[in-house]
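Structure record follows, encoded as structure tokens.
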Amino acid sequence: DIKGFIFDLDGVIALTSKYHSQAWHQIADDLGVTWTKSLEDGLKGISRMDSLEMILKAGNKENDYTEEEKIKLAAKKNDNYLALIGNMNIDDLLPGIPEFLEDLMAHNYKICLASASKNSPIILKKLNLARYFPDVVDPSKLKKGKPDPEIYIRGAELLNLKPEECIGIEDAAAGIQSINGAGETSIGIGDTQELSAADILFSSTKDITLANIEAAMKV
Ligand code: B16
Ligand code: MG
């Protein structure tokens, strides 16, 4: 039986994924790396330093920067990102998410956050959602980021549940891989092709309801 839900943040709860992309796009332009849709999709769910490595690799520049320079570039991306989310408020919540969280609370499901983002506590506050997430996986304590299963395994542990009692919700292929590797049920939000590994797929957050999930799990 499902007893808990583990949420990704960027791209599932709010459209911050768009701002992460814009912030990295600026850095890629500065570095002279061509920005493509596949690079943009590949960065979703990936930690800050791993994202920078991916961008440098796409431009064959992985050996051109010292560790110190890389840390500065990553810090610059975060400054770009924080500027972009400066005016974010509850209007930036994805449709259906507040209702779904209320419904989960009403049915006594356990809830936790498994975001790769070190900014997620600020964002939960800005979106007035902190009360739904007493449990948040700390991404700075992980050995490996998504697509490794560690973050979703840690989420189930925080909830005191077995992986098979948990559903993970993700917008990124790396995240779905992480949920599946943890032995949990995966829900993908987005594109069928990009998220073909998801156990259940919804095209929009509007469709994530307990009734729709129950129906999909019986099939
Ligand atoms: P930060 P998620 C991920 O969050 C984003 O999808 C990814 O684009 C970002 O690089 C990563 O967080 C790290 O974020 O730089 O804020 O620590 O999708 O796992 O909620
Ligand atoms: Mg995401």
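The values are calculated or read from the model by the stated rules, or taken from the named source; none is laboratory data. Since we're looking at a predicted model, the values are computed, not measured. Cβ coordinates were reconstructed from backbone atoms using ideal geometry, including for glycine residues, and neighbour counts include every protein chain displayed.
Every residue, every condition in (1) under 21 Å from the mean Cα position of the chain (by Cα); (2) part of a loop (DSSP other than H, G, I, E, B); (3) at pLDDT 95 or above, yes or no:
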| site | (1), (2), (3) |
| --- | --- |
| I46 | yes, yes, yes |
| M54 | yes, no, yes |
| E62 | no, yes, no |
| I71 | no, no, yes |
| A74 | yes, no, yes |
| L82 | yes, no, yes |
| N87 | yes, yes, no |
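For a quick check of your reading of the model, give me the residue pairs whose first member lies in the stretch 170-183 and is under 16 Å from T16 (Cβ atoms), whose second is away from ligand 1 (no atom under 11 Å from the Cβ) and assigned to a helix (DSSP H, G or I), with beta-carbon atoms closer than 6 Å and at least 6 apart or on different chains. Filtered contacts from the stretch 170-183: E170/I176.
Among the residues in the stretch 112-124, are any more than 14 Å from ligand 1 (Cβ to nearest atom) and either in contact (Cβ under 8 Å) with a residue 40 or more places away in the chain or not hydrophobic (A, V, I, L, M, F, W, C) (or both)? Checking the stretch 112-124: not a single residue is more than 14 Å from ligand 1 (Cβ to nearest atom) and either in contact (Cβ under 8 Å) with a residue 40 or more places away in the chain or not hydrophobic (A, V, I, L, M, F, W, C) (or both). Within the stretch 118-132, the set of residues being under 14 Å from L15 (Cβ atoms) and of a type in the set (K, R) comprises K126 only. Of all residues in the stretch 90-117, those being assigned to a loop (DSSP other than H, G, I, E, B), surrounded by 11 or more Cβ atoms within 10 Å (Cβ to Cβ) and not hydrophobic (A, V, I, L, M, F, W, C) number 5.
Give the residue, chosen from L158, L210, that is closer than 16 Å to L9 by Cβ, surrounded by fewer than 20 Cβ atoms within 10 Å (Cβ to Cβ) and in contact (Cβ under 8 Å) with a residue 40 or more places away in the chain.
Numbers: L210 fails: closer than 16 Å to L9 by Cβ.
Being closer than 16 Å to L9 by Cβ, surrounded by fewer than 20 Cβ atoms within 10 Å (Cβ to Cβ) and in contact (Cβ under 8 Å) with a residue 40 or more places away in the chain holds for just one of L158, L210, which is L158.
Would you tally the residues in the stretch 1-29 being in contact (Cβ under 8 Å) with a residue 12 or more places away in the chain and either assigned to a helix (DSSP H, G or I) or among the charged types (D, E, K, R) (or both)?
Residues in the stretch 1-29 being in contact (Cβ under 8 Å) with a residue 12 or more places away in the chain and either assigned to a helix (DSSP H, G or I) or among the charged types (D, E, K, R) (or both): 16 in total.
Just so you know, in the stretch 1-30 the residues that are under 10 Å from the mean Cα position of the chain (by Cα) and among the hydroxyl-bearing types (S, T, Y) include one that is nearest to ligand 1 (Cβ to nearest atom), and it is S17.
K144 falls short on exactly one of the conditions (1) of a type in the set (D, E, K, R); (2) surrounded by fewer than 18 Cβ atoms within 10 Å (Cβ to Cβ); (3) part of a helix (DSSP H, G or I), and that condition is (3).
Within 15 Å of K3 (Cα to Cα), among the β-branched types (V, I, T), within 16 Å of ligand 2 (Cβ to nearest atom) and buried (at least 17 other Cβ atoms within 10 Å of the Cβ): which single residue out of I151, I176, I169 fits that description? Talk me through it step by step, then tell me what you get.
On the way: I151 fails: within 15 Å of K3 (Cα to Cα); I176 fails: within 15 Å of K3 (Cα to Cα).
When all the criteria are applied, what remains is I169.
When D138 is tested against (1) away from ligand 1 (no atom under 14 Å from the Cβ); (2) surrounded by fewer than 17 Cβ atoms within 10 Å (Cβ to Cβ); (3) modelled with pLDDT of 95 or more, exactly one condition is not met: (1). Note on the stretch 79-89: among residues that are under 14 Å from Q22 (Cβ atoms) and in contact with a helix residue (DSSP H, G or I) (Cβ under 7 Å, 6 or more places away or on another chain), the one that is surrounded by the most Cβ atoms within 10 Å (Cβ to Cβ) is Y81.
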